[in-house]
Amino acid sequence: MTTSWADSVAASEEEAVAAAPAPAAAAAAAKFSSDQASQPRPTRRTYVPPHLRSRPQSSVAPAPPSAAAPAVIDRVGYGGPPAGSWSTGGFRPDAGRSGGGHVPAGGRNGRGGGRDRGRDRGVNPFADKDGLEQGIVGQENAAINFDAYEDIPVEATGNNVPPPAGTFADIDLGEALNLNIQRCKYVKPTPIQRHAIPISLAGRDLMACAQTGSGKTAAFCFPIISGIMRGRYVQRPRGRTAYPLALILSPTRELSIQIHEEARKFSYQTGVKAVVAYGGAPINQQLRELERGVDILVATPGRLVDLLERARVSLQIIKYLALDEADRMLDMGFEPQIRKIVEQTGMPPCGLRQTMLFSATFPKEIQRLASDFLSNYIYLTVGRVGSSTDLIVQRVERVHESDKRSHLMDLLHAQRENGFHGKQALTLVFVETKRGADSLENWLYTNGFPATSIHGDRSQQERELALRSFKSGRTPILVATDVAARGLDIPHVAHVINFDLPNDIDDYVHRIGRTGRAGNTGLATAFFNENSSSLARPLAELMQEANQEVPAWLTHYASRSHGGGRSRRSGGSRFGGRDFRREGSFNRGTDYYGGGYNSTGHGVSAGYGGYGVYGTGVTSAWE
DNA sequence: AAAAAAG
């Protein structure tokens, strides 16, 4: 179901493509669609776990890296079907369940993933547990405005960038996965998916800069699931240790839970088993799940380290590593832990595993750090539609510290009078500290506003309850610290209020990204005062880039302020970031990358400067 | 300086 607005976007996009494609881009696009897209994908190195390298191999030998083999990924031939039999036509949705000719990894001793497929069959991950949500919009997934993502600029840099795909049908993901894509009501891939999935299927490492909510989770889950389905993985060693093939790390527990829920939908009836492990919850249940077999482990770093130390998880046969909110994962607080997990736990080194880093923001310093974990990677950046720009109306208001509460009250009163809450629209209020969150929640509650809160000092049970209560509309106001700033997909957040502004503009980008999701519009209001002066300049720049109305006083403030962290956002106006390898001065003399980079403008459409289509057409319902 | 993440 699309809105008329979306239809008009789609229509105008078609016109533009037909009318005036940039010659180079058009030629490239034509070449890709008629030519390369139909050719076999390059084969990548086959990983054989160290403890199995001396074992005899069956008739299906891994193809040498240089051979022009068909699109077959990672075969270690132990009684598997002939190469290619997992193509769309020959794919069996229940493959492995019977333990027949090609038992997936661990099928024999029951330690691998997929053993409990039979059990999983009964649980339909597509059933909507939050009944209340159904009532709000009806078909949740059908409401996603995919057309809003049709035409945004994409840039890919790196060596030999694989061409993008046009449709899911163009991408050979396998029948079971295609069915799940249908069940999710994904009609066509979003730009990040169109580009990232072929890159990933080609076995390449990837650093991707794209807003959450633009289909990022699927972009890394689909190739992982597909690769595991197609790969002939060896039997896992006996014992209580779980040997996942893929590891997905995220910075907060709730985000890991969310990714796991998604991964379960995507892997339904594929024989691929996803398990989640995070702190604050009893470990025993997680241990039991792990014992029953795991292919894809979704985890927060702390709990994973715990599991590694207990030797209940081994990363020795990891084939895929994905870091969601990767810049966050590699910032000061997290980086040592991540480095330990990736470099000191027996995980195959880069080159022997496939690594994918995703975030909506990628500061150059973090990119440089991240390149330690990547091998000959492709940097992909997608124009910031649906994030801080086009679909979110941003407002900044000057509010003295002492007036914040009453000002918030005014906003909430106005919303209530406009039936804002009656329509189940949700309001997310960000504060700086955990204490501040508690006290604001109490204050709102005692003043008659149905509010709850989420922050790191609440018990995990309370955190999850608060999130459920907010999502369901039972408490349509959520006061949150930055624990809720990243990645969480909460439908119907109509208003994000930065009661306290963050110190880092990237955090602001992530926070306001909780609204304007899935192609819908949203409103973001920030309370600005002298305490947030370091943000004046980057905020003014960001709003300028996003075609937002910048108050004169903020411009003035910005011109007076200097320093205070990165004032320039990393990159130009159209993208969330740029490949740091192209910023010559940064790595001159340190030539890790041996050679030039092709920059391709896949999907860059004619005539649109990134946000021209959306910028002026969207007016706020609240203004 | 604060937030998150193990208990």
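Observations on the structure shown:
- Verdict on A:Glu432 being touching a residue at least 60 places away in the same chain (Cβ under 8 Å), under 23 Å from A:Ser532 (Cα atoms) and surrounded by fewer than 19 Cβ atoms within 10 Å (Cβ to Cβ): yes
- Failed item, numbered, when A:Ser559 is tested on (1) of a type in the set (Ser, Thr, Tyr); (2) in contact with a strand residue (DSSP E or B) (Cβ under 8 Å, 6 or more places away or on another chain); (3) away from DNA strand B (no atom under 15 Å from the Cβ): (2)
- From the list A:Phe528, A:Phe470, the one residue that fits, being more than 13 Å from DNA strand B (Cβ to nearest atom) and under 21 Å from A:Tyr445 (Cα atoms), is A:Phe470.
- Residue list for the range A:435-457, restricted to those being open to solvent by 30 Å² or more (accessible area, probe 1.4 Å), away from DNA strand B (no atom under 16 Å from the Cβ) and under 20 Å from A:Leu501 (Cα atoms): A:Trp443
- Within the range A:304-318, residues that are under 18 Å from A:Arg353 (Cα atoms) have Cβ atoms under 8 Å from residues that are part of a strand (DSSP E or B) and more than 9 Å from DNA strand B (Cβ to nearest atom) in these pairs: A:Val313/A:Ala242; A:Val313/A:Leu297; A:Ser314/A:Ala242; A:Leu315/A:Leu247; A:Ile318/A:Ala246; A:Ile318/A:Leu247; A:Ile318/A:Arg353, counting only partners at least 6 apart in sequence or on another chain.
- A:Leu488 falls short on exactly one of the conditions (1) under 22 Å from the mean Cα position of the chain (by Cα); (2) more than 14 Å from DNA strand B (Cβ to nearest atom), and that condition is (2).
- Filter result for A:Val509 (of a type outside the set (Gly, Ala, Ser) and closer than 25 Å to A:Met409 by Cβ): no
- Among residues of the range A:358-401, those that are modelled with pLDDT under 90 and small (Gly, Ala, Ser), counted: 5
Okay, residues lined up against (1) under 19 Å from A:Gly213 (Cβ atoms); (2) part of a helix (DSSP H, G or I); (3) touching a residue at least 40 places away in the same chain (Cβ under 8 Å):
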| residue | (1), (2), (3) |
| --- | --- |
| A:Glu462 | no, yes, no |
| A:Arg474 | no, no, yes |
| A:Leu478 | yes, no, yes |
| A:Pro491 | yes, no, yes |
| A:His495 | yes, no, yes |
| A:Asn503 | no, no, yes |
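- Some residue of the range A:301-317 being under 27 Å from A:Pro189 (Cβ atoms), at pLDDT 95 or above and not hydroxyl-bearing (Ser, Thr, Tyr): no
- Within the range A:235-266, the set of residues being outside any helix (DSSP H, G or I) and open to solvent by 10 Å² or more (accessible area, probe 1.4 Å) comprises A:Gln235, A:Pro237, A:Arg238, A:Gly239, A:Arg240, A:Thr241, A:Tyr243, A:Pro251, A:Thr252.
- First in the range A:280-302 and farther than 18 Å from A:Arg240 by Cα, second anywhere and more than 15 Å from DNA strand B (Cβ to nearest atom), Cβ under 7 Å, 6 or more apart: A:Val298/A:Ala263; A:Val298/A:Ala274
The values are calculated or read from the model by the stated rules, or taken from the named source; none is laboratory data. In this text, all values refer to a predicted model and were calculated from it rather than measured experimentally. Ideal geometry is used to build each Cβ from the backbone, glycine not excepted, and the neighbour counts take in all protein chains shown. The accessibility values were calculated without ligands, DNA or RNA, using every heavy atom of the protein model including side chains. Shrake-Rupley method; radii C 1.70, N 1.55, O 1.52, S 1.80 Å.
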